[in-house]
1. From the list 190, 180, which residue is in a helix (DSSP H, G or I), farther than 18 Å from residue 10 by Cβ and within 16 Å of the chain's Cα centre (by Cα)?
2. Could you check how many residues of segment 194-211 are surrounded by fewer than 19 Cβ atoms within 10 Å (Cβ to Cβ) and under 12 Å from residue 136 (Cα atoms)?
3. Within segment 196-211, count every residue that is over 15 Å from residue 250 (Cα atoms), in a helix (DSSP H, G or I) and touching a helix residue (DSSP H, G or I) at 6+ places or on another chain (Cβ under 6 Å).
4. Specify the residue that is farthest from residue 88 (Cα to Cα); the eligible residues are those in segment 1-23 that are free of Cβ contacts under 8 Å to residues at least 40 places away in the same chain and surrounded by fewer than 16 Cβ atoms within 10 Å (Cβ to Cβ).
5. Anything in segment 1-43 that is closer than 25 Å to residue 252 by Cβ, out of contact with any helix residue (DSSP H, G or I) (no Cβ under 9 Å at 6 or more places or on another chain) and not in a loop (DSSP other than H, G, I, E, B)? List them, or say none.
6. When the residues of segment 64-100 are narrowed to those that are touching a residue at least 60 places away in the same chain (Cβ under 8 Å) and in contact with a strand residue (DSSP E or B) (Cβ under 6 Å, 6 or more places away or on another chain), which ends up nearest to residue 43 (Cα to Cα)?
7. Among the listed residues 261, 304, 267, 311, identify the single one that is within 25 Å of residue 92 (Cβ to Cβ) and under 19 Å from the mean Cα position of the chain (by Cα).
């Protein structure tokens, strides 16, 4: 039986020069991982062929491009964005690209976004859940959100290590749990700082079936009138987050997607592989779990649903 090709909105690449720059800045174990991931075009295409992925949208993962120096971060962002957009240009039917921004440098990020979206043809921009402790609701970022809202831009939000993450992770790799908590933390900041309300034209994409957010959304509403009475009359948290898109990268079944569905529904759920930080075999096993899971209906598969949603999200990019 023919199956619908997937659209992967959460795929990563690294370049040799990017890893060299990170190591030079002292980042030898990114986010507590044992080593840097490796990426190759050949293996990326192998994953897509074997997994039935029609198109992958590539981005740089955590820890991003800002290692402490604004000038160096601007240069590195330009370099990796040129590379990613080049892949998109050379293989337009197979790849899209979300451009890296050198946050927390707002001026540099505004310039990088304009260059990527206007000159390189990138499909959106990628940011981390926090940039050296600056979360997405920080007032310093309002000029960036204002411009991206004006453009109706897609903003892909990837988790990263939170402040003091080395301690809160108990010495374990931060993607294990801290990434999932930081996704929820960033989402709460988007709500409580009214970023989603003030910049309604940005197409936000959060990852990993929202991390632990499905378990917290009711608690976020319950605490609001008690601790933040100035927000008591805002729309329900679930309604505000209903305009956000989410991917299912990670371990979507048997538990994550059902919990997400109960909280938010699946009208904005997308597929994500997390390759190359998830190795080839792991990404293929994840796809197998999606295909083997109980499907949304007798006539609709998770492939059908997520690809249809991706088409809706990315339609205005065409």
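The values are calculated or read from the model by the stated rules, or taken from the named source; none is laboratory data. All values derive from a computational prediction rather than experimental measurement. Backbone-built Cβ (ideal geometry, glycine too); neighbour counts: all protein chains shown.
1. After applying the criteria, what remains is 190.
2. Residues that pass the stated criteria total 1.
3. Matching residues across segment 196-211 total 1.
4. Looking at residues that are free of Cβ contacts under 8 Å to residues at least 40 places away in the same chain and surrounded by fewer than 16 Cβ atoms within 10 Å (Cβ to Cβ), I get 1.
5. 12, the sole residue that qualifies.
6. It comes out as 87.
7. None of the other options fit; the residue is 311.
Rundown of residues vs (1) over 25 Å from residue 8 (Cα atoms); (2) in contact with a helix residue (DSSP H, G or I) (Cβ under 9 Å, 6 or more places away or on another chain), yes/no style:
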site: 46; (1), (2): no, yes
site: 60; (1), (2): no, yes
site: 70; (1), (2): yes, yes
site: 86; (1), (2): no, yes
site: 90; (1), (2): no, no
site: 99; (1), (2): no, yes
site: 102; (1), (2): no, yes
site: 107; (1), (2): yes, yes
site: 127; (1), (2): no, yes
